[in-house]
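Each remark here refers to the structure printed beneath this line.
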Amino acid sequence: AQTVTQSQPEMSVQEAETVTLSCTYDTSENNYYLFWYKQPPSRQMILVIRQEAYKQQNATENRFSVNFQKAAKSFSLKISDSQLGDTAMYFCAFMGRNTDKLIFGTGTRLQVFP
Amino acid sequence: EAGVAQSPRYKIIEKRQSVAFWCNPISGHATLYWYQQILGQGPKLLIQFQNNGVVDDSQLPKDRFSAERLKGVDSTLKIQPAKLEDSAVYLCASSRRQSAGNTIYFGEGSWLTVV
């Protein structure tokens with residue numbers, strides 16, 4: 001069974017600085033999909049970034065980028081130029097090649113300080 | 001384009017009472033999911049629909065939880081009778097079709113507190 005592990009329950013960063021959130025996963029599949037979702041206090045899960053495992057190039061979305069290390073089964077999220085609005089829970093999620101179900105980690109609470 | 005709509009946003013009930021949550025997915029989305037998110041944990045899938053058929057309900061506690069998606073659009077999740085451990089946020093989500101790698105869009109959730 002696939003599992004997703006986020007080992008940092010809480011992180012903090014100063015506004016305009018860079019922060020990296022860690023995620024590791026376990027799977028025997030070769031092709032799959034990885035996601036980072038942001039969950040602000042409103043509780044709506046908002047997609048931040050998506051990575052396809054068969055693509056070697058790391059995904060980027062504006063200030064958000066990932067470091068995808070397939071052999072190490074690691075999928076970290078880097079937030080550059082952190083903004084106060086980035087304060088939220090961040091969830092790493094896995095989706096297998098033959099499924100359309102998300103398996104989530106336990107989340108990392110990120111606090112951005114002015 | 002309107003997002004996934006859920007109601008009610010908040011509900012407080014006593015144990016052994018019943019509660020129902022409603023979800024309207026994004027227009028044209030064939031796949032609908034209900035997730036349960038207990039405080040401090042990531043969301044866990046309860047049930048998945050493709051149109052009006054159930055694809056996966058293996059994690060749904062069927063002795064107390066039920067869900068339906070009539071006409072393949074709106075969905076209702078019911079809990080009866082509720083237990084204290086059912087206190088959670090119930091997230092509805094939808095995607096365009098049943099396909100690996102599809103982006104799944106979430107609603108704002110329905111917060112349930114069982115006292």
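The values are calculated or read from the model by the stated rules, or taken from the named source; none is laboratory data. Because the structure is a prediction, the values reported are computed rather than measured. No Cβ is skipped: glycine too gets one built from the backbone with ideal geometry, and neighbour counts run over all protein chains shown. Heads up: the accessible areas ignore ligands, DNA and RNA and are worked out on the full protein's heavy atoms, side chains in. Shrake-Rupley method; radii C 1.70, N 1.55, O 1.52, S 1.80 Å.
Rundown of residues vs (1) of a type in the set (A, V, I, L, M); (2) part of a strand (DSSP E or B); (3) in contact with a strand residue (DSSP E or B) (Cβ under 8 Å, 6 or more places away or on another chain); (4) under 17 Å from B:Gly109 (Cα atoms), yes/no style:
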position: B:Ala2; (1), (2), (3), (4): yes, no, no, yes
position: B:Lys11; (1), (2), (3), (4): no, yes, yes, yes
position: B:Ala20; (1), (2), (3), (4): yes, yes, yes, yes
position: B:Tyr33; (1), (2), (3), (4): no, yes, yes, yes
position: B:Phe49; (1), (2), (3), (4): no, yes, yes, no
position: B:Lys62; (1), (2), (3), (4): no, no, no, no
position: B:Ala67; (1), (2), (3), (4): yes, yes, yes, yes
position: B:Pro81; (1), (2), (3), (4): no, no, no, no
- Message: So, in the range B:84-104, exactly how many residues are open to solvent by 20 Å² or more (accessible area, probe 1.4 Å) and at pLDDT 90 or above?
- Response: 3
- Message: Given the condition in contact with a Lys or Arg (Cβ under 6 Å, 6 or more places away or on another chain), in contact (Cβ under 8 Å) with a residue 60 or more places away in the chain and assigned to a loop (DSSP other than H, G, I, E, B), answer yes or no: does some residue in the range A:32-55 qualify?
- Response: no
- Note on the structure: Among residues of the range A:91-108 being at the interface with chain B (Cβ under 7 Å from one of its Cβ atoms) and open to solvent by 20 Å² or more (accessible area, probe 1.4 Å), the residue nearest to A:Trp36 (Cα to Cα) is A:Phe104
- Task: Sort out which residues of the range B:105-115 are over 14 Å from B:Gly3 (Cβ atoms) and either of a type outside the set (Ser, Thr, Tyr) or surrounded by 16 or more Cβ atoms within 10 Å (Cβ to Cβ) (or both), and write them in order of number.
- Result: B:Ser110, B:Trp111, B:Leu112, B:Val114, B:Val115
- Query: So A:Ser7 clears everything in (1) in contact with an Asp or Glu (Cβ under 9 Å, 6 or more places away or on another chain); (2) closer than 27 Å to B:Tyr90 by Cα; (3) of a type in the set (Gly, Ala, Ser) except one condition, right? Which one?
  - Reply: (1)
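If you check B:Ile79 against the conditions, is it away from every other protein chain (no Cβ under 13 Å) and surrounded by 15 or more Cβ atoms within 10 Å (Cβ to Cβ)? First the steps, then the outcome.
Working: away from every other protein chain (no Cβ under 13 Å): yes; surrounded by 15 or more Cβ atoms within 10 Å (Cβ to Cβ): yes.
In short, yes.
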- Query: Which numbered condition trips up B:Ala67, out of (1) open to solvent by 10 Å² or more (accessible area, probe 1.4 Å); (2) in contact (Cβ under 8 Å) with a residue 24 or more places away in the chain; (3) at positive phi?
  - Reply: (3)
- Number of positions in the range A:56-90 that are more than 11 Å from chain B (Cβ to nearest Cβ) and in a strand (DSSP E or B): 15
- Within the range B:20-38, is there a residue that is surrounded by fewer than 14 Cβ atoms within 10 Å (Cβ to Cβ), within 12 Å of chain A (Cβ to nearest Cβ), on the phi < 0 side of the Ramachandran plot and not β-branched (Val, Ile, Thr)? no
- Would you mind finding the one in B:Ala67, B:Ala82 that is within 10 Å of the chain's Cα centre (by Cα) and either farther than 24 Å from A:Lys38 by Cα or of a type in the set (Asp, Glu) (or both)? B:Ala67
